[in-house]
Amino acid sequence: MLPSRIFVALRLVLGNSRGRNLKAGRAILRLDHSFVVEEIMSKEDRMDTWQERWSQGKTGWQLPDLNFALENHASKLLPKPERRILVPLCGKSVDVEWLYREGHTVVGIEGIEQAIVEFFSEHNLPYSTEQLTWAKVFKTEDDRLKMYCCDIFKMDIENLGKFDSIWDRGSLVAIYEEDRERYAKVIKALLAPDFHYMINATQYTPHEGFSGPPRNIPTALVEKLFGDVCELQVLEERTRSKEAVAHWGLDDFVEAVLLLTPQS
Ligand SMILES: C[S@@+](CC[C@H](N)C(=O)[O-])C[C@H]1O[C@@H](n2cnc3c(N)ncnc32)[C@H](O)[C@@H]1O
């Protein structure tokens, strides 16, 4: 019996009217010779989507001021001076500069070079670069702030070493659902014995029109991902007004500040 449609084992790149690539898909050839294209998100596409956002200046997550969680709970994340702190998926967040100015050693991971270059330039921080086999590193003259340009899933974890603290804003919430387990594995591999890991988790009821990013990260999900090695504390739950999230068509939106520490 003939199949109703034949799957063509080639990936298409769709173009819009201006000839720009929009998205990758899988071509499905029907027996009437018409094509339909299913959008699929392959691992290679992941950074492309973010690159497109950065190139088009669609960086609505970028905040002008220090994140409220750091303002209110920095002492919980950084109980001692001169910590070694990781900021995964750091973008060009002003939080990174603040942590550096506070005297900590800061490592950022960011997949898009434009974000890193803009960060150093906007904060007037002189830097040098070094090409490693797995990343391009941007570093300040004193070596206390480094940003690695690479996909977080392609990092050399051994080479990075361990971190006393991890600040996770716009990171776990930006990761694709199917990558969450391996993201958790990467993070756990980077924790120093006496770690403090703080997450700003966005929590809401997703609907057809909006499911992120930022994605819905219930506290129970964080427990599931990290509960085997961490104790979890909810430090704050900040409710955002309906007006503030109206553009996403959401009815409810909470930013939970979660602190993960070693199991006692
Ligand atoms: C939602 S933004 C948040 C940026 C920053 N944390 C902030 O709060 O402003 C997510 C960032 O992660 C970067 N990114 C996404 N996936 C990544 C990956 N797999 N590896 C490295 N960077 C990634 C994107 O380019 C983007 O700058």
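The values are calculated or read from the model by the stated rules, or taken from the named source; none is laboratory data. Predicted model only: the values in this text are computed from it and were never measured. Virtual Cβ from ideal backbone geometry, glycine too; neighbours counted across all protein chains shown.
Of note:
- Arg101 satisfies every condition listed in (1) farther than 15 Å from Ala174 by Cα; (2) outside the structural domain of Ile187 (by TED's automatic domain parsing) except (2).
- Qualifying residues in the stretch 217-262 (those that are of a type in the set (Val, Ile, Thr) and part of a loop (DSSP other than H, G, I, E, B)) - the one farthest from Ile187 (Cα to Cα): Ile217
- Glu118 being loosely packed, with under 13 Cβ neighbours inside 10 Å and within 15 Å of the ligand (Cβ to nearest atom): no
- The stretch 112-131, residues that are in contact with a strand residue (DSSP E or B) (Cβ under 7 Å, 6 or more places away or on another chain) and in contact (Cβ under 8 Å) with a residue 40 or more places away in the chain: none
- If the condition is being touching a strand residue (DSSP E or B) at 6+ places or on another chain (Cβ under 6 Å), touching a residue at least 40 places away in the same chain (Cβ under 8 Å) and either closer than 21 Å to Gln62 by Cβ or within 8 Å of the ligand (Cβ to nearest atom) (or both), then the stretch 146-171 contributes Lys146, Met147, Tyr148, Ile152, Ile166, Trp167, Asp168, Arg169.
- Only one entry of Lys92, Lys76 meets the criterion of being basic (Lys, Arg) and under 17 Å from Ile199 (Cβ atoms), and that entry is Lys76.
- Test: residue in the stretch 74-86 that is within 12 Å of the ligand (Cβ to nearest atom), in the same structural domain as Ile199 (by TED's automatic domain parsing), touching a strand residue (DSSP E or B) at 6+ places or on another chain (Cβ under 7 Å) and touching a residue at least 24 places away in the same chain (Cβ under 8 Å): yes
- Selection status of Ile199, in a strand (DSSP E or B), within 14 Å of the ligand (Cβ to nearest atom), under 23 Å from Cys90 (Cβ atoms) and among the hydrophobic types (A, V, I, L, M, F, W, C): yes
- Hits in the stretch 212-227 (condition: closer than 18 Å to Ala244 by Cβ and of a type in the set (S, T, N, Q)): Asn216
- You will find that of Tyr100, Tyr176, Tyr183, Tyr148, the residue that is aromatic (Phe, Trp, Tyr) and either surrounded by fewer than 19 Cβ atoms within 10 Å (Cβ to Cβ) or in contact with a His (Cβ under 8 Å, 6 or more places away or on another chain) (or both) is Tyr176 and no other.
- Among the numbered conditions (1) at pLDDT below 95; (2) on the phi < 0 side of the Ramachandran plot, the only one that Gly212 does not meet is (2).
- Pair list, Cβ < 6 Å and 6+ apart or interchain, from the stretch 88-103 residues that are on the phi < 0 side of the Ramachandran plot to residues that are more than 12 Å from the ligand (Cβ to nearest atom) and part of a loop (DSSP other than H, G, I, E, B): Glu97/His123
- Residues that are farther than 21 Å from Glu236 by Cα, touching a residue at least 60 places away in the same chain (Cβ under 8 Å) and near the ligand (Cβ under 7 Å from one of its atoms) do occur in the stretch 49-67.
- Tabulated pairs, the stretch 212-239, first in contact (Cβ under 8 Å) with a residue 12 or more places away in the chain, second of a type in the set (Asp, Glu) and assigned to a strand (DSSP E or B), C-beta under 6 angstrom, 6+ apart or interchain: Arg238/Glu255
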